[in-house]
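See below for the structure under consideration.
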Amino acid sequence: MSTNETSAPLDELSLELLLSASRFTRVATRVPGIAYSAVAWRVLSDLSAGPARVSDLAQQQRVAQPTMTTLLQRLESEGWVRREPDPADGRATLMQTTAAGENALADYRRAAASRIAPLLSELGAADRATLARAAELLQQLGDSA
């Protein structure tokens, strides 16, 4: 078997997963009354794992540093993030979530989950179990990337 023949199914699976996950995320994150972009929620999620520099956050989200600075200033005005000195570099600062930011992120996640719960309830037990396993696998893949 050639390399193309063995990799084609994985390439197709990769594409299908990417498209399906993107479409699913768009549906789940259309939460009425939420004024922040998906990027803002991803940044809060990243910061909930630990403090980060503005430049690192901009790179992770593939936005310009001034764009990230503006977003963080907005999140800071909400009281969701705060600046703190970088202990490794006295000239730099780190951004970190606050308790209010963690609460806002948890509320957003609950609202997004409630958007998809009715869709999941339409599935049978076997399909829900398959999705639960798929979620575990996606988490593992994300953790190893």
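The values are calculated or read from the model by the stated rules, or taken from the named source; none is laboratory data. The model shown is predicted, which means the values in this text are computed figures rather than measured ones. Cβ sites come from the backbone with ideal geometry, for glycine too, and all protein chains shown count toward neighbours.
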Any hit, region 92-100, residues being outside any helix (DSSP H, G or I), surrounded by fewer than 12 Cβ atoms within 10 Å (Cβ to Cβ) and over 21 Å from the mean Cα position of the chain (by Cα): no
Qualifying residues in region 45-81 (those that are charged (D, E, K, R) and more than 21 Å from Ile34 (Cα to Cα)) - the one nearest to the chain's Cα centre (by Cα): Arg62
Single residue of Leu13, Leu57, Leu47, Leu71 found to be at pLDDT below 95 and of a type outside the set (Val, Ile, Thr): Leu13
Answer from Leu75, Leu71 - the residue that is over 24 Å from Ala145 (Cβ atoms) and surrounded by 15 or more Cβ atoms within 10 Å (Cβ to Cβ): Leu75
Options Arg30, Arg83; residue that is of a type in the set (D, E, K, R), exposed (fewer than 15 other Cβ atoms within 10 Å of the Cβ), over 24 Å from Ser14 (Cβ atoms) and touching a residue at least 40 places away in the same chain (Cβ under 8 Å): Arg30
Region 123-143 residues that are at pLDDT below 95, paired with ones that are among the small types (Gly, Ala, Ser) (beta carbon under 8 Å, 6 or more apart): Leu138/Ala21
Lone unmet requirement of (1) in contact with a Ser or Thr (Cβ under 6 Å, 6 or more places away or on another chain); (2) within 24 Å of Leu119 (Cβ to Cβ) for Arg26: (1)
